[in-house]
1. Between the range B:54-98 and the range A:131-210, what's the alpha-carbon centroid distance in Å?
2. Positive end of the charge dipole of the protein assembly as shown (Lys, Arg +1 and Asp, Glu -1 on Cβ, about the Cα centre): tell me which of A:ALA46, A:VAL18, B:ASN330 has its Cα farthest that way.
3. Please work out how much length the chain gains when fully extended from B:GLU124 to B:ILE44, using 0.36 nm per residue of separation minus the C-alpha to C-alpha distance, in nm with one decimal.
4. What does the extension gain come out to for B:LYS149 and B:ALA332, with contour length at 0.36 nm per residue minus their alpha carbon separation?
5. Under a plain spin-label model, where a point goes 7 Å from the Cα along Cα-to-Cβ, how far apart in nm are B:MET240 and B:THR343?
6. Once the cut-off is 27 Å, how many percent of the Cα-Cα pairs in chain A end up in the long-distance tail?
7. Put +1 on the Cβ of each Lys and Arg and -1 on the Cβ of each Asp and Glu in the range B:237-346; which of B:THR275, B:ALA346, B:THR319 then has its Cα farthest toward the positive end of the dipole?
8. Can you work out ³J(HN,Hα) from phi for every residue in the range A:42-48, in order, using Karplus 6.51 cos²θ - 1.76 cosθ + 1.60 and θ = phi - 60°, giving whole Hz and x for Gly and Pro?
Amino acid sequence: MAKESLNSEETTAMLHLVADAIIAAEPLLSQADRDLGDGDHGIGMARGMNAAKEALAAGGFSTVDEPLVATGKAMMSSMGGASGVVFGTVFRGGKELKGSNLLDSPGLAKWLQSAADGVMKRGGAKPGDKTMIDALVPAAEKAAEVQSLSLPEAVTAVADAAEAGKEASKAMIATMGRAKTLGEKSVGFPDAGALSMTIIFSTMRDYICS
Amino acid sequence: MSLTQKKLINDPLNVADELLDGLVDAYDGECVKVGRRSIVKSNIPDNKVALLVGGGSGHEPIYHGLVGRNLADGAACGDIFAAPTPDIVLEATQAVNKGNGVLFLYGNYAGDVMNFDIGAEDAEDEDIDVRTVLIWDDVCSAPPTEKEKRRGIAGLVPIVKMAGAASQTATSLDQLEAAAKKIVLQTRSVGVSMSPGSIPATGMPTFNIDADKIGLGMGIHGEPGVAEIPMTTADELTPMMLDLIFKDFTEDPEVESLKPGDEVVFFVNSLGSTTMMECLICLKKAKQFLNERGVTIYDTMVGPLVTCQEMSGISFSVTRLDDELKSYWNPACESICYSKMETITA
């Protein structure tokens, strides 16, 4: 049964699945990073998601912002590197839903807007720089556009937008992070962080639509 | 490309923590581990303006090996090739702070900047005064007009050495910040790589390069440089590298050209598996090159101090000295990474 909204327990269950999906994708993410960077993105993400799973398992969440923020904090304090801050900031963006009992389409839009704003402010990257922002910003924009749709429809559109953004990042020239020194050699490969973003959104979609 | 290097480790995901424990053991009580993954001097005087360095692990003996006498007061250590988390930075900051502020001095990488910045914001919330000076000595990573895009590489060793000396006498954070900025401005490096290191957790190489090529200007994680050139000799390669350093001093409007009469600290660094033999052969040629241009080597450093596991390659770093910078270079210093006797001047 597709879910029209998620309570804090369901949000927690979804985040567990997101963590498992990222952990399972470790070799894929590391290979993507090896094409453009030093090849440790998957390891860092897996480390962060293992810490997130511990925080999620501790539970005690009453509103939907709490498991999101707990995930973000666990990632930021366990991963290090740019990814720790960036992906930690994405989930900590869930603080915009403070006090909400349900995560619905407008809530998804609010969270992702806060996530995108937070990441751009902290990292200084913008769309087109061949970073995870190229998946996150289209996803956030799509979420704002489709917030009147049902949650399954909205999250499907968001996951598609992130996927399209990740694919578009292949043609971009890296200007941030270690990949920036590759310049034009970076063309043809997707950004590893953008790939992580698509795995996060597609796992959310699969949970919400199942 | 072989997938696995033989490495004497235990849990591949735990190497950063285990090596730090070993480093603390090697210091025999002069330094202690603090919080999750920081190392801090055990006897920082009250009111000292503190110097905190740090970055990803895996480049031993830096950065954590630069904590010591007349050097850094502490280091915040990340996982292998990853910046330390904001929590680690905060814990290190709290430990080195003696009431007169803390200077953060570290390499200019996006991950380090984000994590140290959040750590600095958290420290400011606790009324600890923090300033940041970034190290960006790699001249091949961006033009002199875009220094904010440059990477920090082996020049960090003479930079931290001199900043460490400056921190002993600094009476304010302003004073130490200004000294560190000046030292960074006069330090320029060029690296080359011949083969990659590997990530302990995956056993995979950090980059690929053809067996018969040298990557000119490559970074310490294997970031691409300015050109891939055919494998060559020490005597052919050394002038090419030094030309890039001279060119940078010439093209950068913020500094004067390197000119006859200048005195420099010259550092030949091995990226890991390049031998001392090779470093010394390059040093011989470099000294000849500098002498021909009237530039005097005031002091020499040589060895594998900024590494990337078993990566092969070298870098040259030049720090131009004036009387102030000499006063920071002359004092003795001691740490696992780098020790020197006091330089006695006539």
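What follows is calculated from the coordinates using simple rules that are stated; it is not laboratory data. Because the structure is a prediction, the values reported are computed rather than measured. With ideal geometry, Cβ positions are generated from the backbone for all residues, glycine too; neighbour counts draw on all protein chains shown.
1. 34
2. The residue sitting most towards the positive pole is B:ASN330.
3. 26.8 nm
4. 62.6 nm
5. About 3.0 nm separates the two model spin labels.
6. Taking all Cα-Cα pairs of chain A, the fraction more than 27 Å apart is 22 percent.
7. It is B:THR275.
8. Once rounded to whole Hz, the list reads x, 5, x, 5, 5, 4, x.
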